[in-house]
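K.L.:
Just passing along the structure, written as structure tokens.
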Amino acid sequence: MRDDVGPEPEAHAISALAALAQPTRLAIFRLLVRHEPVGITAGVIAETIGAPHNTLSSHLAILVRAGLLRSSREGRTIIYRSDVKACGP
């Protein structure tokens, strides 16, 4: 391990990698990276990856907590985007 990496970046990396270790969450993240910078709705995510809506919200919440996704409300719609800047150094 590098000496210049403090506990915060290391904890973020562990959280992000743990979130992406699940196949559905990895598929969601990869899909959202491909749709940058516009983002997509949860309905489109569910349809594209074939995830049931009732489990999709849990997966999205885990990815948001890990700092890999961000969401924004546009009217009655929530748009999800990958937070690729948070993945960098």
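The values are calculated or read from the model by the stated rules, or taken from the named source; none is laboratory data. Because the structure is predicted, anything quoted here is derived from the model rather than measured. So basically every Cβ, Gly included, is an ideal-geometry build from the backbone, and we count neighbours across all protein chains shown. Remember, those area values only see protein heavy atoms, side chains included, never the ligands or the DNA or RNA. Shrake-Rupley method; radii C 1.70, N 1.55, O 1.52, S 1.80 Å.
K.L.:
How much area per residue is accessible in the chain when the probe is 1.4 Å and only protein heavy atoms are counted (Å²)? Mind dumping the intermediate values first?
P.N.:
Numbers: 5850 Å² over 89 residues.
Normalised by residue count, the accessible surface of the chain is 66 Å².
K.L.:
Taking just the alpha carbons, could you work out the radius of gyration and Dmax for segment 41-89, both in angstroms?
P.N.:
For segment 41-89, the Cα-based Rg and Dmax read 11.3, 34 Å.
K.L.:
According to the Kirkwood expression over distinct Cα-Cα pairs, how big is the hydrodynamic radius of the chain, in Å?
P.N.:
For the chain, the Kirkwood estimate is 13.5 Å.
K.L.:
Around ILE40, which amide H atoms from residues at least 5 apart in sequence, or from another chain, sit under 5 Å from its own amide H, with H modelled in the peptide plane?
P.N.:
For ILE40, the qualifying residues are TYR80.
K.L.:
Can you pull the one-decimal nm distance between simple spin-label points at GLU10 and SER57, each 7 Å off the Cα toward Cβ?
P.N.:
3.7 nm
K.L.:
Give me the angle, in degrees from 0 to 90, between the Cα long axis of helix 23-34 and the longest principal axis of the Cα atoms of the chain, rounded to the nearest 10.
P.N.:
Roughly 80 degrees, rounded to the nearest 10.
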